[in-house]
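Data first, discussion second: the structure below is written as structure tokens.
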Amino acid sequence: MTTNPPQAGVPGILPEGAGPQGLDTKFLQQLDSAHYLHPFTDHAALREHGARVIVRGDGIYLWDSEGNKIIDGMAGLWCVNAGYGRTSIADAVHAQMLQLPFYNSFFNTTNVPAVQLAALLADISPPQFQHVFYTNSGSEANDTIVRMVRRYWQLAGQPGRQAIISRRNAYHGSTMAGASLGGMAGMHAQGGLPIPGIHHIGQPSYAEGGRGMSEAEFGLEAAGWLEASILALGPENVAAFIGEPVQGAGGVIIPPSTYWPEIQRICDKYDILLVSDEVICGFGRLGTWFGCELMGFQPDLIAFAKGVTSGYVPLGGVLVGGRVAHLLTEKGGDFNHGFTYSGHPSACAAALENIRILETEQLVERVALATGPHLKACFASLVSHPLVGHAETCGLTAGLNLVRRNGETVHDCEPFASTHVVGMLCRKHMFDNGVIMRAVGDRMIVAPPLSITVGQIDEMVERIRYCLDLTLEEVT
Ligand code: PLP
């Protein structure tokens, strides 16, 4: 601990003898633990070990302050779709900042990049989406959706439709409404959540709930939980159903192919708005521009963030389908909702250039035709590892379960007695050996930048296999 900590940002803050990046890691770690409250972090543990200081990125690689090179298997936090080091995004933001760094979109004003991006989003999204409402993040997008669907039903003359149905183990953000929509028990326990009117059904995890059923049967069964919930609440009280096409933070839960079409049928039957949270799945992660296109459903609203700018600058939003947009714009008057930075010109400039890169380098098609199938084959090969129960892949995201193996099928594996321990151990080995994987309990997940090549996937999987070996040595 420094007795007299210098002010962050003051030149000359680093002492003599700084490390390879000109940085003194220990010193930064001290400042970090003295002043910086991190998201989703146990600060006692952080203090003990010190934060790893990430200083540079290029392509799929990161470097830390000690000069270690790391494969970023998580694309930041599922967001750096175009990869690191894109100078053209930096140039676009720089040029926009010189021209007009900020102006708001309240009170009948607009700005050029926000308009251009709105038109581009209408072009690349499914045809029902011709309008966008901008936010700064995915959480704010989902907050906006809660207000928007309730406003929609007011305007539609059915103000009783307030309830929103979501799923356990879903992640929809950290604001009060986002965390309420999410189905994370640990988040609900801190802060009296969920807020009123949010209800949860089970997640479509075949490994968790599909015993004795085919995947197709289980998909229909899991979608049926929505119908049961609608009937219990009364359809006249239900506004919307929200789900991630593939649950990301919950552990890459890929639903059976029968699930989403059945969810669509049920929403149509009871006239309920269908919301796709595409904060992770949007902008190519699954090999289509939006995950709903792969999963075969037509939502009324889409939440997006992350990949829209590849995380270079914060931006999120809601794509608003014709049904909702029509009432809001024709009959709604003022929608009393918005953020200072809705349609931030510099963020929209970053998004325009990012989408141009995704399009010109055909990164979405590459996920569908080359890198996604290659990741699938590589993860399928990891199932031969004695620590791996099963592995699933969808586009450029994948998960594998660390288990004790008793047999060949998904259901012949025994979970470790205390979950998290093995996952955290494995994650540490990965981190120490130059690859970032995330641990969700004992499920290890990846979602690398879409710019990753087939050769780099091989390099990543080779390191993963090596770290699985290291983990196995410690648990047997
Ligand atoms: N929705 C989903 C599906 C997410 O994965 C996330 C973040 O991981 C969010 C919403 C929240 O986005 P943000 O962290 O930008 O608020």
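Based on this model, can you work out whether residue 161 counts as under 14 Å from residue 259 (Cβ atoms), of a type in the set (Lys, Arg) and either more than 16 Å from the ligand (Cβ to nearest atom) or touching a Gly at 6+ places or on another chain (Cβ under 8 Å) (or both)? Break it down stepwise before answering.
On the way: under 14 Å from residue 259 (Cβ atoms): no; of a type in the set (Lys, Arg): yes; either more than 16 Å from the ligand (Cβ to nearest atom) or touching a Gly at 6+ places or on another chain (Cβ under 8 Å) (or both): yes.
Against the criterion (under 14 Å from residue 259 (Cβ atoms), of a type in the set (Lys, Arg) and either more than 16 Å from the ligand (Cβ to nearest atom) or touching a Gly at 6+ places or on another chain (Cβ under 8 Å) (or both)), residue 161 does not qualify.
Check 244, 236, 262, 217 and return the single one that is modelled with pLDDT of 95 or more and within 30 Å of residue 362 (Cα to Cα).
The unique qualifying residue is 244.
For (1) surrounded by 15 or more Cβ atoms within 10 Å (Cβ to Cβ); (2) without any contact (Cβ under 8 Å) to a residue 24 or more places away in the chain; (3) under 23 Å from the mean Cα position of the chain (by Cα), each residue gets a yes or a no:
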{"position": "361", "(1), (2), (3)": "no, no, yes"}
{"position": "412", "(1), (2), (3)": "no, yes, no"}
{"position": "435", "(1), (2), (3)": "yes, no, yes"}
{"position": "447", "(1), (2), (3)": "yes, no, yes"}
{"position": "462", "(1), (2), (3)": "no, yes, no"}
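Scan region 64-88 and report the pairs whose first residue is within 20 Å of residue 429 (Cβ to Cβ) and whose second residue is crowded, with 19+ Cβ neighbours inside 10 Å and aromatic (Phe, Trp, Tyr), with Cβ atoms within less than 9 Å and a gap of 6+ or a chain change.
72/84
Can you tell me how many residues within region 232-254 are part of a strand (DSSP E or B) and within 16 Å of the ligand (Cβ to nearest atom)? Steps first, please.
In the first step, residues of region 232-254 are kept if they are part of a strand (DSSP E or B); the result is 238-243, 247, 253.
Keeping just the survivors that are within 16 Å of the ligand (Cβ to nearest atom) gives 240-243, 247, 253.
Qualifying residue count, region 232-254: 6.
Looking at the structure I just gave you, is residue 137 within 16 Å of the ligand (Cβ to nearest atom) and closer than 30 Å to residue 456 by Cβ?
Yes: the conditions hold for residue 137.
Residue 207 - would you say it is in contact with a Pro (Cβ under 8 Å, 6 or more places away or on another chain) and either small (Gly, Ala, Ser) or modelled with pLDDT of 95 or more (or both)?
Here the answer is no, as residue 207 does not meet what is asked.
Identify the single condition in (1) within 21 Å of the chain's Cα centre (by Cα); (2) more than 16 Å from the ligand (Cβ to nearest atom); (3) polar (S, T, N, Q) that residue 190 does not satisfy, given that it satisfies every other one.
Residue 190 satisfies every listed condition except (1).
Scanning for something among the hydroxyl-bearing types (Ser, Thr, Tyr), within 20 Å of residue 82 (Cα to Cα) and buried (at least 23 other Cβ atoms within 10 Å of the Cβ), does region 397-404 turn up at least one residue?
yes
Go over the candidates 257, 229 one by one and state the one that is touching a residue at least 24 places away in the same chain (Cβ under 8 Å) and part of a loop (DSSP other than H, G, I, E, B).
Criteria check complete, one pass: 257.
Residues in region 268-301 that are crowded, with 21+ Cβ neighbours inside 10 Å and closer than 20 Å to residue 216 by Cβ: how many?
Here the count works out to 5.
Could you name every one of the helices (runs of 4 or more DSSP H) located completely within region 129-222 that has at least 1 residues being β-branched (Val, Ile, Thr)?
Output list reads 138-155.
Report yes if residue 113 is in contact with an Asp or Glu (Cβ under 7 Å, 6 or more places away or on another chain) and either at pLDDT 95 or above or among the basic types (Lys, Arg) (or both), otherwise no.
no
Got a sec? Which of 321, 317 is surrounded by 18 or more Cβ atoms within 10 Å (Cβ to Cβ), at pLDDT 95 or above and over 19 Å from the mean Cα position of the chain (by Cα)?
Checking each option against the conditions leaves just 321.
Only one of these conditions is not met by residue 80: (1) in a helix (DSSP H, G or I); (2) of a type outside the set (Phe, Trp, Tyr); (3) within 16 Å of the ligand (Cβ to nearest atom). Which number is it?
All conditions pass for residue 80, except number (1).
Would you mind listing the strands (runs of 3 or more DSSP E) fully within region 265-358 where at least 3 residues are more than 12 Å from the ligand (Cβ to nearest atom)?
316-321
Only one residue in 21, 96, 7 is at pLDDT 95 or above and either more than 25 Å from residue 304 (Cα to Cα) or assigned to a helix (DSSP H, G or I) (or both), so which one is that?
Values: 21 fails: at pLDDT 95 or above; 7 fails: at pLDDT 95 or above.
From the options 21, 96, 7, the qualifying one is 96.
Residues to consider are 174, 180; find the one that is within 14 Å of the ligand (Cβ to nearest atom), in contact (Cβ under 8 Å) with a residue 60 or more places away in the chain and farther than 15 Å from residue 276 by Cα.
174
Filter region 440-469 down to residues that are assigned to a helix (DSSP H, G or I) and at pLDDT below 95, then give me how many there are.
Of the residues in region 440-469, the ones assigned to a helix (DSSP H, G or I) are 454-469.
Add one more test, that the residue is at pLDDT below 95, and what stays is none.
Result for region 440-469: 0.
Residues in region 35-56 that are on the phi < 0 side of the Ramachandran plot, assigned to a loop (DSSP other than H, G, I, E, B) and out of contact with any strand residue (DSSP E or B) (no Cβ under 8 Å at 6 or more places or on another chain): how many?
7
Where residues in region 105-127 are over 16 Å from residue 309 (Cα atoms) and crowded, with 17+ Cβ neighbours inside 10 Å, which of them is farthest from the ligand (Cβ to nearest atom)?
Here the answer is 111.
The values are calculated or read from the model by the stated rules, or taken from the named source; none is laboratory data. Computed from a prediction, not measured in an experiment: that's the story for all the values here. Virtual Cβ from ideal backbone geometry, glycine too; neighbours counted across all protein chains shown.
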